[in-house]
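Asks: Have a look at the structure that comes next, please.
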Amino acid sequence: MVSTVGKSILVLIALVSAGWAAFFFRNPTQEVQLDSIANAILSGTAFKRNPVSEAALSSAENRAICRPREIRAATIIRLRFYEMAVDSLDTRLANERLSSLRSSVRRALSCLPTDGLLWFIEYWSAINQGGQISDHLDELRMSYRLAPYEGWIALRSPYVIAIYDVLPSDLQESARNEFVSIVRTGLIRDAVRILRSAGWRNRDELVAGLSTVRLDFRSQLERALRSEGLTVQIPGVETPEFRPWR
């Protein structure tokens, strides 16, 4: 009898657990929803309209006890909202969203001060609000210190390399190392995009550290640059001789 009751309880527990699991996957929490949207943004997904309500973001940012993953996601989403406003050429809306982004990232950092991406957003948003680069280099340093090799570094690199000439030597070194990491992880398209735009002026310094990268990645980079009409001497890679008579 005891055995039968025990089995019945176990079956009941299993059914309840399965029910909760089914409910969760059909009705994900706000934290999961915001985190999913933020990850899509970081992977380059574009949204034609706002993917989440202002109320949901405000709720995530103003909890009595913060939830790190949720508030981080809210800041990333506000970053995209600001970019969308800039693209729409609506100056008033862009200014409003930049102010919201600034408030959001400060709250997020008070909850999650060890997140390198948040420190970069703090730096980037301050500059976009008119701050001087020299006044915000510590935020950029924190970003590199806490997140030197995370998956989103290809987002940071173009902005930093664009101001390479005005950076102190330690941040120039961080920018060079980051570019090497981008190539080392096989993000060749991102490396080409950086070199042909923000990095073209300092291309020789940026590619000088590539000698430690796998030869096949270096060769891919050289070919990709050449296909766009750009000639860059990549360490250890021979540039094919130009023969117009062929």
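The values are calculated or read from the model by the stated rules, or taken from the named source; none is laboratory data. Small disclaimer: the values here were computed from a predicted structure and weren't measured. Positions of Cβ are backbone-derived with ideal geometry, glycine not excepted, and every protein chain shown enters the neighbour counts. Heavy atoms of the whole protein, side chains included, go into the accessibility calculation; ligands, DNA and RNA do not. Shrake-Rupley method; radii C 1.70, N 1.55, O 1.52, S 1.80 Å.
Asks: Could you give the length gained on full extension between residue 59 and residue 208, defined as 0.36 nm per residue of separation minus the Cα-Cα distance, in nm? Don't skip to the answer; put the middle values down first.
Replies: Details: separation 149, 0.36 × 149 = 53.64 nm, distance 4.74 nm.
Separation in residues times 0.36 nm, less the Cα-Cα distance, equals 48.9 nm.
Asks: How far is helix 30-42 tilted, in degrees, relative to the longest principal axis of the Cα atoms in the chain, given as a value from 0 to 90 rounded to the nearest 10?
Replies: 10 degrees
Asks: Write out the trypsin sites (Lys or Arg not before Pro) in segment 37-117 meeting two conditions: DSSP loop, and at most 10 other Cβ atoms within 10 Å of their Cβ.
Replies: Numbers: sites: 48, 49, 63, 69, 72, 78, 80, 92, 97, 102, 106, 107; in loops: 48, 49, 63.
Sites meeting the loop and neighbour criteria: 48, 49.
Asks: Along Cα→Cβ, 7 Å out, is where each label goes; now give me the distance between the ones at residue 43 and residue 138 in nm to one decimal.
Replies: In this crude label model, residue 43 to residue 138 measures out at 3.7 nm.
Asks: Taking a probe of 1.4 Å, how large is the accessible area per residue of the chain, in Å²? If you can, show how the numbers build up before the last one.
Replies: Values: 14090 Å² over 246 residues.
With the other protein chains kept in place, the chain gives 57 Å² per residue.
Asks: To continue, here is another question. For the chain, give the percent of accessible area contributed by carbon and sulfur heavy atoms, probe 1.4 Å, rounded to a whole number.
Replies: Values: 7750 of 14090 Å².
Answer for the chain is 55 percent, counting heavy atoms of protein chains only.
Asks: Would you rank 31, 222, 173, 238 by solvent-accessible area, highest first, keeping every protein chain in place and using a 1.4 Å probe?
Replies: Final ranking, largest accessible area leading: 238, 173, 31, 222.
Asks: Go ahead and run the numbers for FRET between residue 129 and residue 230, Cβ-Cβ distance against an R0 of 45 Å, rounding to 0.05. The partial results should precede the final answer.
Replies: Values: r = 34 Å, r/R0 = 0.76.
Once the sixth-power term is evaluated, E becomes 0.85.
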